[in-house]
Amino acid sequence: MTYRFSELQYTPTDYSALSATISNLTLRMQKASDADTADRILTEYDSLIEEAEYQSMLAYIHMSQDSSDESWQKAYVAEAQGMSLLDRTPFLKAVLDSPFRTSLERKYGHFLFDRIEVQIRTESQAHEERAREEELTSRYQQMKAMIRAEYKGKSCSESELRALYTSPSREERIESRKAVCKAFLEKRDEFASILTELVDVRNKIAEKNGYSNYLEYMDDVYCRSSYGETEMNAFVSEVKKEILPIIHDIHEESRKRLNLDKLMSYDADMYFADGNAKPKGDAIFLTKAAERMYDDLDPEFSRFFTSMVESGSLDVAPAPGKVAGMGFCTNLKRGMLPFVFGSMNGTVWDVAVFTHEVGHSWQGYLSDKSLYLNMQRETPLDSVEIPSKTMELFAYGYAEEFFKEDADKFRYGHFRDAVKEIAGYCSCHEMNTWIYTHVGSSFEEIVRACRSIEKEYAPDLSEGELEEYLDEGASLLRNMGVFMFPRYLISYSLSEMCALDLFALMNKDRKEAMKAYNKLCSSAAGKSYPEILSAAGLECAYAPGRVKRTAEFIRKYMKEH
């Protein structure tokens, strides 16, 4: 399929008509007289939902590209709410109750039917609350994207100031953070209102669908069928025991390198006194560098990436109104290329997000080749981030393409950032655990609890003059993991464990590493989390002792690099 993303036409979904059609399909499925007929009806339903999701994704992408455009904001909210209010459970129940289920399951696999059962459990009730959740998260995203902060007499976006967080000037590191904190705190009441309502709405969604709490509900939504809070809590505890001491050592390394008496929180992202690595060019430069990397890594990957570029399915250049601090990859229709979004700010983050999201897109592309239905695209959450986190690490061998003489700086800093992220995402997971086990808490109570958790993960760092802003909730207000993706970020920590295994293999045998990586990406849809890992020869990240073994590799690698 040859196309340009910019030429794709958005057509609003008529959810009333879609609902009526699905009702008709439900009756037809209930009356199906043979397996072939049931299969055709399921395929017809799947195509209808795929088309609605496609239109919703077009609206979401355009809204993310320019959050000041209210027409795209309204279009996405309408799509998201329409999908939330659409009751698909009668049709899905008809599929499960079909006398031809065995035949369908033989063709499409057991995991699809496991997911249908979960979808019925999680979406049968609370349609209005789910629509309200979409509206609130969309409002938060727009507000965050439109934040402007005063800095040295200039009105700056959050993305512009984030670029100064790793400035060689300590004053700039402090003042840029102050400016962002102040800008968010000016809208504290509005953000606080969104969060407290989100907590209430999400709790109602869980309860109305028969779950004891939102944590249990989201474990089901995210395909954690054979594990849950017990395993997640054990994993977090092991991270605290094995990874936090390594992070303390990283902080001490940085203190010495920067020649500081004490490392403060605003120094922790700095690794070199003369500045961290920065990519040596703009979006066009990075694209060319990535082309050379993928040419060398894998011929098919190279052809795929070229198609992404030529179709305009890669948008990472900065622009006014773009959502800051976030990259994403999303699928469109089967047979179409995924779409990658980012907002470059001239820091090492640009290359990390660039390679990360392209890793997602490769997984989506390979998975689509082996799937019959759009419904099969849903991937267990805890395996979603493995291809992306792995591709960040695979870029080390090509760092000179992106950073030239700063390649070693990149490898040094990015690896240590990856280690710190493992703990950082666990910290956010604990915040969300507290929030949804203390439903009804005031915003002030949430801030105090989250600040306590933040400090537990970095006991050796002080915040100095930023502390008063953080104690008022500035860091919480910026935390998309709390507002938009509760229970999601732990997946990054879990995925980093497996990514480090593949990275270790890459350092030994590149051919075998790419073989395992492509197996992982090809298997990453239509299967359970353990099945996906097994295909690539990987171990579940929450297995007892797993974090300790990974910590040993981290220490060894850091000693050698």
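The values are calculated or read from the model by the stated rules, or taken from the named source; none is laboratory data. Predicted model only: the values in this text are computed from it and were never measured. For neighbour counting, all protein chains shown are included, and Cβ atoms are generated from backbone atoms with ideal geometry for every residue, glycine included. Heavy atoms of the whole protein, side chains included, go into the accessibility calculation; ligands, DNA and RNA do not. Shrake-Rupley method; radii C 1.70, N 1.55, O 1.52, S 1.80 Å.
So here's what we get for this one:
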{"item": "Within the range 177-278, helices (runs of 4 or more DSSP H) holding 2 or more residues that are closer than 30 Å to R130 by Cα", "result": "188-208, 214-221, 229-242"}
{"item": "Only one of D87, D36 that is among the charged types (D, E, K, R) and over 19 Å from I116 (Cβ atoms)", "result": "D36"}
{"item": "Every residue from the range 195-208 that is in contact with a Phe, Trp or Tyr (Cβ under 8 Å, 6 or more places away or on another chain) and buried (at least 19 other Cβ atoms within 10 Å of the Cβ)", "result": "L195, L198, V199, R202, N203, I205, A206"}
{"item": "Those residues of the range 100-136 which are assigned to a helix (DSSP H, G or I), among the hydrophobic types (A, V, I, L, M, F, W, C) and over 26 Å from the mean Cα position of the chain (by Cα), in sequence order", "result": "L104"}
{"item": "Matching helices (runs of 4 or more DSSP H) fully within the range 412-488 where at least 3 residues are open to solvent by 20 Å² or more (accessible area, probe 1.4 Å) and under 14 Å from S265 (Cα atoms)", "result": "443-457, 467-471"}
{"item": "Only listed residue being more than 30 Å from L112 (Cα to Cα), under 19 Å from the mean Cα position of the chain (by Cα) and surrounded by fewer than 21 Cβ atoms within 10 Å (Cβ to Cβ), chosen from R148, R139, R188", "result": "R139"}
{"item": "Helices (runs of 4 or more DSSP H) within the range 1-99 that include 3 or more residues more than 28 Å from the chain's Cα centre (by Cα)", "result": "15-31, 35-65, 89-97"}
{"item": "Checklist (1) surrounded by 21 or more Cβ atoms within 10 Å (Cβ to Cβ); (2) in contact (Cβ under 8 Å) with a residue 60 or more places away in the chain; (3) charged (D, E, K, R) applied to E357, failing item", "result": "(2)"}
{"item": "Criterion (closer than 24 Å to E430 by Cβ and at pLDDT 95 or above) met by exactly one of A504, A449", "result": "A449"}
{"item": "Long-range neighbours under 8 Å by Cβ, at least six apart or interchain, first residue modelled with pLDDT of 95 or more within the range 4-17, second open to solvent by 80 Å² or more (accessible area, probe 1.4 Å) and part of a helix (DSSP H, G or I)", "result": "Y15/L85"}
{"item": "The range 81-108, residues that are among the charged types (D, E, K, R), open to solvent by 70 Å² or more (accessible area, probe 1.4 Å) and either touching a Gly at 6+ places or on another chain (Cβ under 7 Å) or under 21 Å from S23 (Cβ atoms) (or both)", "result": "K93, D97"}
{"item": "Breaking point among (1) in contact with a helix residue (DSSP H, G or I) (Cβ under 9 Å, 6 or more places away or on another chain); (2) of a type in the set (G, A, S); (3) open to solvent by 60 Å² or more (accessible area, probe 1.4 Å), for G153", "result": "(1)"}
